[in-house]
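Each reported figure results from applying straightforward, stated rules to the coordinates on display, with no laboratory input. Quick caveat, the model's predicted, so the values are computed rather than measured. Reconstructed Cβ throughout: ideal geometry from the backbone, glycine too, with neighbour counts over all protein chains shown.
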Amino acid sequence: MLSIRPKVAELVFQLYGRPLHPELFQVFCTRTVDHGEYEARIDITSAGHIVAWRHQGITLTEVATGAHTPLPQKRRLLSYRLQGERNDQVDCRGGVRYLMGFQLEKVQPDIFWNYQNDLFQENDETEGMIYRFDSSGRLAIGAISYIHIDVRMRVLRVQAFHTFPDDYAIVKSQSIFELPQVADS
């Protein structure tokens, strides 16, 4: 299966209050988290990633993907083009909170290649996942996605780093899925 990234200008970042059909995406790497009160599935896809988080009947699905991916509009809570920098949050029923931030950086080629090399050399799969994509043919080295997963008692934090060699671009995002505050007895 060929694994090449779309152009960075075609990317969107969206949040849904529902699960999405997995057949909509080309998935290359998956990790699941089951932490008692919440569970999550994190996928590296051809254009970015998916995080499907669940807690007591609430499902939040974060998607970083291409704008041409046929995604539903029903129960879409956030939708942004992946441009510049953005932060937002969604407060859900039952006290669940979702916080997100992303940044798209276009850099000089030498800075890009140093960053990509560091990303591949310094990150392991014990606290996250990494996938190296095939070359697009224009450049000898393909893109890299690294996702760091921080599992805590009441919080799941997902940091994603996606490189786009054809555009000398780096997409960085951080998402926090918080359980409701515990009332003192």
For region 8-178, whose charge dipole is built from +1 on Lys and Arg Cβ atoms and -1 on Asp and Glu Cβ atoms, the candidate among Phe120, Phe133, Thr32 with its Cα farthest towards the positive end is Thr32
Once the dipole of the chain is set up from charges on Cβ (+1 Lys and Arg, -1 Asp and Glu), the residue from the list Phe161, Val171, Leu99 lying farthest towards its positive end is Leu99
About its Cα centre, the chain carries a charge dipole, from +1 on Lys and Arg Cβ atoms and -1 on Asp and Glu Cβ atoms, whose size in debye to the nearest 20 is 700
Under the 7 Å Cα-to-Cβ spin-label approximation, Trp113 and Val90 lie apart by a distance in nanometres of 4.1
Listed residues Gly128, Gly57, Gly101; largest mean-square fluctuation, Gaussian network over the chain with Cα springs below 10 Å, found at Gly57
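Using 0.36 nm per residue of separation minus the Cα-Cα distance, give me the extension gain between Arg31 and Gln56 in nm, one decimal.
So the chain would gain 7.0 nm between Arg31 and Gln56.
Taking the convex hull of the Cα atoms, report for the chain its projected area averaged over all directions, in nm².
Quarter of the Cα hull surface area: 11.1 nm².
Rounded to the nearest 0.05, what FRET efficiency do Arg97 and Arg75 have when you use their Cβ-Cβ distance and R0 = 25 Å? Let's see the in-between values first.
Details: r = 17 Å, r/R0 = 0.69.
After rounding, the FRET efficiency stands at 0.90.
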Loop-resident trypsin sites (Lys or Arg not before Pro) in region 36-95 with no more than 10 other Cβ atoms inside 10 Å, DSSP not H/G/I/E/B, are Lys74
Relative to the chain, whose Cα atoms define the longest principal axis, helix 109-122 and its Cα axis are tilted in degrees, nearest 10, by 50
For Gly142, the residues 5 or more places away or on another chain with a placed amide H closer than 5 Å to its own amide H are Ser135
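What full-extension length gain, to one decimal in nm, is calculated for Met153 and Gln174 as 0.36 nm per residue of separation minus the Cα-Cα distance?
Numbers: separation 21, 0.36 × 21 = 7.56 nm, distance 1.79 nm.
Taking Met153 through Gln174 to full extension adds about 5.8 nm, to one decimal.
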